[in-house]
Amino acid sequence: MNKTLRLIIYLLINIVLSASITLAVLWAWDHYHPQLKESDGLRVPEANSNVVSQQPNNVSSDPQPTSEPTLEFIEEDIAVTIHLIVGAGDLDMEYVEIHNQSQGAIDLTGWQLVDEQDHVFTFPALILNTDGAIKVLSKKGMNSVIELYWQADTPIWQSGETANLLNADEDIIASYSIP
């Protein structure tokens with residue numbers, strides 16, 4: 001057989017095989033994803049229509065205002081505590097654990113954790129739910145949902161020192177004396 005005839009046979013086989021596979025995939029798609037009909041409550045677009053998506057008949061195309069979930073923060077009977085301070089004097093180990101024992105969520109945004117040498121950690125946007133806890137680690141690191149990092153180069157806490165937790169109005173909410 002000459003090269004031209006072999007090439008033509010190869011191309012014909014390729015076309016037939018490609019068409020067969022495409023048809024098999026389309027059949028499988030139609031079989032496992034049945035098309036919705038007008039009787040199912042959907043409008044079927046016209047053949048020459050520029051409609052991109054189908055909507056149920058009872059759905060308006062006008063955007064409906066959606067209500068945002070609201071989270072109410074308590075402002076009275078706040079029971080946020082400095083539960084403990086671990087590893088005072090050792091930068092790699094030291095952290096402060098803060099608990100919310102209030103009957104509702106507390107917005108800690110702008111709150112501060114302060115030591116006696118005026119080292120100040122200001123809380124980023126953070127909501128602490130009821131019975132929730134957060135760790136503030138002195139060392140450098142990436143903040144997560146349960147751990148915040150002070151980004152300090154040296155230890156913050158010392159034995160015998162008192163830590164204070166201040167709200168955004170700088171009122172003392174909790175204190176903890178390090179043993």
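The values are calculated or read from the model by the stated rules, or taken from the named source; none is laboratory data. Everything numeric here is computed off the predicted structure, so don't read it as measured data. Glycine also receives a Cβ, built like all others from the backbone with ideal geometry; neighbour counts cover every protein chain displayed. Areas reflect the complete protein model, heavy atoms only, side chains present, ligands, DNA and RNA absent. Shrake-Rupley method; radii C 1.70, N 1.55, O 1.52, S 1.80 Å.
Taking R0 as 41 Å, what's the FRET efficiency between Tyr32 and Glu116 from their Cβ-Cβ distance, rounded to 0.05? If you can, show how the numbers build up before the last one.
Numbers: r = 68 Å, r/R0 = 1.67.
Step by step, r from the Cβ atoms, then E = 0.05.
Given a Förster radius of 25 Å and the C-beta distance between Leu84 and Asp169 as r, what FRET efficiency does 1/(1 + (r/R0)^6) yield to the nearest 0.05?
E between Leu84 and Asp169, to the nearest 0.05, is 0.50.
If ligands, DNA and RNA are left out, what is the accessible area of His119 with a 1.4 Å probe, given in Å² to the nearest 10?
His119 exposes around 70 Å² with every protein chain in place.
For the pair Thr109 and Thr130, what calculated FRET efficiency results from E = 1/(1 + (r/R0)^6), where r is the Cβ-Cβ distance and R0 = 22 Å, to the nearest 0.05?
0.80
Measuring from label point to label point, each 7 Å out along Cα→Cβ, what is the Asp92 to Thr22 span in nm?
Result: 6.3 nm between the two label points.
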